[in-house]
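Visitor: Let me give you the structure first, and then I'll get to my questions.
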Amino acid sequence: MSVTVTTGIGSVEVRGVWKEYALASQRPRTLKEAVVEALRGRLPERPRTWALQDVGFRIEPGESFGIIGTNGSGKSTLLKLLTGISKPTLGTVDVHGKVSALLELGAGFHPDFSGRENTFLNGAILGLSRSQVAERFDSIVAFAELADHIDQPVKTYSSGMYMRLAFSIAVHVEPEILIIDEVLAVGDAAFQKKCIERIHGFRREGRTIIFVSHSHGQVAELCNRAAWLDRGVLRSVGPCEDVLVQYEAHLAGAGV
């Protein structure tokens, strides 16, 4: 029932993890109903659902590990547990190593701040000191190809510009574990290729990659092992090619 994050060499272990969420309760339809319920002291019951059910696997240091599944399969919930944003209801998640996560486009960016200001802000969120961000700033901007826009408010950025800056900051943290969720689907083909080349560089350096994507091709290209989640249940974990074959057969059978 805990999430432990320690300095280490980039391994992840998920053991018997369950995650429960309370669904939004039905609100009173009229002011009169709300007043009556308040006077009676009634608290509406909130239905609950299991987003993950007894999920377990291990990611070895230096592995590139894919997580696949349709919308609502529990992928985002699992990533929140891996990054410590959320805690499991039951079970344990042990993450050993410095983590840099790119879970949502522009997460942590303030729309009224410039790209420069957001680089320092996001770098701090990811654990870098101001001097460390300053040392890497020129490289971050160059990789993101935003030299002409870095002092403009990010609310003026396109989605592709957001992604380029966010990805560049994340990889310049130089993590032992890099977690990427779908963002490579944003941006032009040339920058996607540049990102993939950088990920391959991380693999050669022995860093651990956790990659979530609906793109079977990218998962096959970047990952050596994978896990398939289906409505919160771990259906398969193993060599990437084997898991993708099972997943694709499931999609074909379901008519997806």
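None of the figures in this text is laboratory data; all of them are computed from the coordinates on show. All of these numbers come straight from a predicted model, not from anything done at the bench. A quick note on method: Cβ atoms are made from the backbone with ideal geometry, for glycine too, and the neighbour counts reach across all protein chains shown.
Visitor: How would you rank D242, D148, going from fewest to most other Cβ atoms within 10 Å of each one's own Cβ?
Guide: Numbers: D242 14, D148 8.
By the 10 Å Cβ count, ascending: D148, D242.
Visitor: If every alpha-carbon in the range 215-256 counts as one equal scatterer, what log10 I(q)/I(0) does Debye give at q = 0.14, 0.33, 0.34 1/Å?
Guide: -0.29, -1.18, -1.19
Visitor: Can I ask one more? Loop only per DSSP, at most 15 neighbouring Cβ atoms within 10 Å: give me the GluC sites (Glu not before Pro) in the range 153-256, ordered by residue number. All intermediate terms of the calculation are to be shown ahead of the outcome.
Guide: Values: sites: E176, E182, E197, E205, E221, E241, E248; in loops: E176, E182, E205.
Qualifying residues, ordered by number: E205.
Visitor: Taking a label point 7 Å from the Cα of S215 along the Cα→Cβ vector, which residues of the range 227-256 have an amide N closer than 16 Å to it?
Guide: No residue qualifies, since no backbone N sits under 16 Å from the label point.
Visitor: In whole Å and largest first, what semi-axes does the C-alpha gyration tensor of the range 86-195 yield when each eigenvalue is scaled by 5 and square-rooted? All intermediate terms of the calculation are to be shown ahead of the outcome.
Guide: Working: eigenvalues 114, 53, 37 Å².
Taking √(5λ) for each Cα gyration eigenvalue gives 24, 16, 14 Å.
Visitor: Could you line up R48, R225 from fewest to most neighbouring Cβ atoms inside 10 Å? Walk me through the numbers before you get to the answer.
Guide: Working: R48 10, R225 19.
Ordered by Cβ neighbours within 10 Å, fewest first: R48, R225.
Visitor: How much of the pair distance distribution for the range 99-149 lies past 18 Å, counting alpha-carbon pairs only, in percent? Don't skip to the answer; put the middle values down first.
Guide: On the way: 354 of 1275 pairs.
Percent of Cα pairs beyond 18 Å in the range 99-149: 28.
Visitor: Let me ask another. In µm²/s, what is D for the range 187-256 at 37 °C and 0.692 mPa s, where D = kT/(6 pi eta Rh) by Stokes-Einstein and Rh is the Kirkwood radius from Cα pairs?
Guide: On the way: Rh = 13.4 Å.
Translational D for this selection: 245 µm²/s.
Visitor: What nm distance separates the two modelled labels at A189 and L121, each placed 7 Å from Cα along Cα→Cβ?
Guide: 3.5 nm
Visitor: Within the set K87/K194; K155/K194; K75/K98; K87/K193, which residue pairs have Cα atoms separated by over 29 Å? Don't skip to the end; give the middle numbers.
Guide: Numbers: K87/K194 34 Å; K155/K194 24 Å; K75/K98 21 Å; K87/K193 34 Å.
Listed pairs above 29 Å: K87/K194; K87/K193.
Visitor: For a quick check: sort L23, L222 by the number of other beta carbons within 10 angstrom, fewest at the front. Let's see the in-between values first.
Guide: Values: L23 9, L222 22.
In increasing order of surrounding Cβ atoms, one gets L23, L222.
Visitor: While we're on this one: ³J(HN,Hα) across the range 128-135 via Karplus (A = 6.51, B = -1.76, C = 1.60, θ = phi - 60°), whole Hz, x for Gly/Pro?
Guide: For the range 128-135, the Karplus-derived couplings read 8, 7, 4, 5, 5, 5, 4, 5 Hz, x marking Gly and Pro.
Visitor: Take S139 and L23, extend 7 Å from each Cα along the Cα→Cβ direction, and tell me the distance between the two endpoints in nm.
Guide: Using points 7 Å along Cα→Cβ, the separation is 4.9 nm.
Visitor: Could you work out the mean projected area of the convex hull around the alpha carbons of the range 120-256, in square nanometres to one decimal?
Guide: Working: hull surface 39.7 nm².
Averaging across all directions leaves 9.9 nm² for the Cα convex hull.
Visitor: Give the Rg (one decimal place) followed by the Dmax (whole number) of the range 47-130, computed from C-alpha coordinates and expressed in Å.
Guide: 15.7, 45
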